[in-house]
Amino acid sequence: MDTRVVKLAPSILAADFARLGEQVAEAGEAGADRIHVDVMDGHFVPNLSMGAPIVRSLRPVTQLPLEVHLMIANPDMFLDEFSEAGADSLIVHWEGNNNLSRTVLRIKALGKRAGVAINPASPAAVLEEILHDVDQVLVMTVNPGFGHQHFLNTTLPKIRRVRQMIDRIKPDCQLEVDGGIDTVTAPLAIDAGANVLGAGSAIFDAREGITAATKRLRAARSTAAN
Ligand code: DX5
Ligand code: ZN
């Protein structure tokens, strides 16, 4: 039976930005564990989203940890800014970073939790040497850049491989999945070993509303545990 505690990280990419504070508060009251902030620069991914001012505005209105997912070409340039704005975790990509260890160690030196993300085409093995230094791995279950995409089932075996690696090398490292997570795909990802669910449209675009959607996803469990 799977006894891991699964955490829920609603992504505000799908929120109504005119009502952001309100919507984040609603997700928090309904049981969200942290808030996921997707930062895109139009270079690393073919889309633009938001920057540190959003983190700064959210910081006083929620007590939930803010995790910042940096999908940007030069994350090192912005670590200080996001840190000062009130981020609790900074997640950077393996792809395109020639000095990932330096970036991760800088995040730790800022007193923040460090995460490393990998895209669907990147193998689990690239995490092996950096895992000692990270608090969290994020396995992209869609190609980064947009919300509302379909979960890629082909990432499931990789999630299992990352889980095995974490259990062997750094058992307290968290394993987040991000992209296309809903009540159907969450149990698959949890079965494969994920213990943090990043979810945008399934929470903030849900027809049943944010509260009901957060509660439903919060209740998602490994099918093996039921
Ligand atoms: C994709 C982002 C995800 C995205 C998830 O590039 O990193 O966090 O917002 O959105 P959904 O849950 O709609 O796939
Ligand atoms: Zn994300």
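No value in this document is a laboratory result; all are computed from the given coordinates. Note that the coordinates shown come from a computational prediction; the quantities given were computed from them, not determined experimentally. Positions of Cβ are generated from backbone atoms using ideal geometry, with glycine treated the same way; all protein chains shown enter the neighbour counts.
Name the residue, out of Ala87, Ala9, Ala18, that is surrounded by 14 or more Cβ atoms within 10 Å (Cβ to Cβ) and farther than 18 Å from Ile107 by Cα.
On the way: Ala87 fails: farther than 18 Å from Ile107 by Cα; Ala18 fails: surrounded by 14 or more Cβ atoms within 10 Å (Cβ to Cβ).
Going through Ala87, Ala9, Ala18 in turn, the sole match is Ala9.
Where in region 129-226 are there helices (runs of 4 or more DSSP H), lying fully within it, with 1 or more residues that are within 13 Å of ligand 2 (Cβ to nearest atom), crowded, with 19+ Cβ neighbours inside 10 Å and not polar (S, T, N, Q)? It would help to see each step written out before you state the result.
Values: elements: 156-169, 185-192, 201-204, 210-218.
Here the list reads 201-204.
Just one of (1) part of a loop (DSSP other than H, G, I, E, B); (2) touching a helix residue (DSSP H, G or I) at 6+ places or on another chain (Cβ under 6 Å); (3) more than 16 Å from ligand 2 (Cβ to nearest atom) trips up Ala32, so point out which.
Looking at each condition in turn, Ala32 falls short on (3).
Look at region 62-95 and say how many of its residues are out of contact with any strand residue (DSSP E or B) (no Cβ under 9 Å at 6 or more places or on another chain) and either assigned to a helix (DSSP H, G or I) or within 15 Å of ligand 1 (Cβ to nearest atom) (or both). Spell out how you get there, then give the answer.
So in region 62-95, the residues out of contact with any strand residue (DSSP E or B) (no Cβ under 9 Å at 6 or more places or on another chain) come out as 63, 77, 80-81, 84.
Adding the requirement that they be either assigned to a helix (DSSP H, G or I) or within 15 Å of ligand 1 (Cβ to nearest atom) (or both) leaves 77, 80-81, 84.
The total comes to 4.
What is the residue count in region 140-156 for residues that are in contact with a helix residue (DSSP H, G or I) (Cβ under 8 Å, 6 or more places away or on another chain) and away from ligand 1 (no atom under 11 Å from the Cβ)? Show your work before the answer.
In the first step, residues of region 140-156 are kept if they are in contact with a helix residue (DSSP H, G or I) (Cβ under 8 Å, 6 or more places away or on another chain); the result is 140-141, 147-148, 151, 153, 156.
Checking which are away from ligand 1 (no atom under 11 Å from the Cβ) leaves us with 153, 156.
So the answer is 2.
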